[in-house]
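Colleague: This structure is in structure tokens; I'll ask about it shortly.
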Amino acid sequence: MPLMFEQQPRETAKAFEAFKLYLELGPARSLAAVSRKLGKSEGLIERWSRHHHWGERVDEHGKHISALTRKAEVQVVNEFALEHAKRRASQEESEWQIRCELLALAREKIQQWREQPRRLGTLEGIARLLELASKLGRLSCGMATDRTEKTVEETRTLSIEFKAAIEKIYGQPVPPEFAKPTEPAIDIAP
């Protein structure tokens, strides 16, 4: 069964062409404009409009386009979030690997320092290696890196650039629930 705004089983090709023209005229549409453009009488266009429920079909078309737009927006946002999550996981894994290498290096230097303290670096240098390894490990695990910092969940909406791209692609404004920018929540203890 065709969608309500597609050609209906008992609708002639000419009546459907008239409806398509009516639909394409957008918000400024009128039966008189369709009549003028097609060179048909207004009475005929009015009959076709009543008989084939043009008003309801235009509404259904608008709802259909809105649903498709929402679906596309959700898909774009989901793809963006998935790509962001992949990049974040890759970054976290890289930081974790570097942390492991730094710990191994620090252990090796500690052992060498014990064996020959005058020929190698200082304990301060080794402490810096351990501090860096700890910080990278905590960052890669999503943990706070210092006592004044708290890990806070944040909710973000579409960035201004992303919103503009969606509007450019689909020609319609982004729904308000997606358009409000939010500030990240940061809580710093005194």
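The values are calculated or read from the model by the stated rules, or taken from the named source; none is laboratory data. Here the structure is a predicted model, which is why all the values come from computation and not from measurement. So basically every Cβ, Gly included, is an ideal-geometry build from the backbone, and we count neighbours across all protein chains shown.
Colleague: If a residue must be of a type in the set (Phe, Trp, Tyr) and closer than 23 Å to ASP146 by Cα, how many such residues does region 80-132 contain?
Modeller: Looking only at that region, the number is 1.
Colleague: Sticking with this one: Enumerate the pairs (first residue in region 39-57 and among the basic types (Lys, Arg); second residue anywhere and outside any helix (DSSP H, G or I) and surrounded by 11 or more Cβ atoms within 10 Å (Cβ to Cβ)) with beta-carbon separation below 8 Å, excluding pairs fewer than 6 apart on the same chain, so at least 6 apart or on different chains.
Modeller: Listed by first residue and then by second, the contacts come to ARG57/MET4; ARG57/PHE5.
Colleague: Within the group LEU25, LEU103, which residue is closer than 30 Å to ALA127 by Cβ and either touching a residue at least 12 places away in the same chain (Cβ under 8 Å) or touching a helix residue (DSSP H, G or I) at 6+ places or on another chain (Cβ under 9 Å) (or both)?
Modeller: LEU103
Colleague: Next up: Sort through LEU3, LEU103 and tell me the only one that's modelled with pLDDT under 95 and assigned by TED's automatic domain parsing to the domain that holds GLY142.
Modeller: The match here is LEU103.
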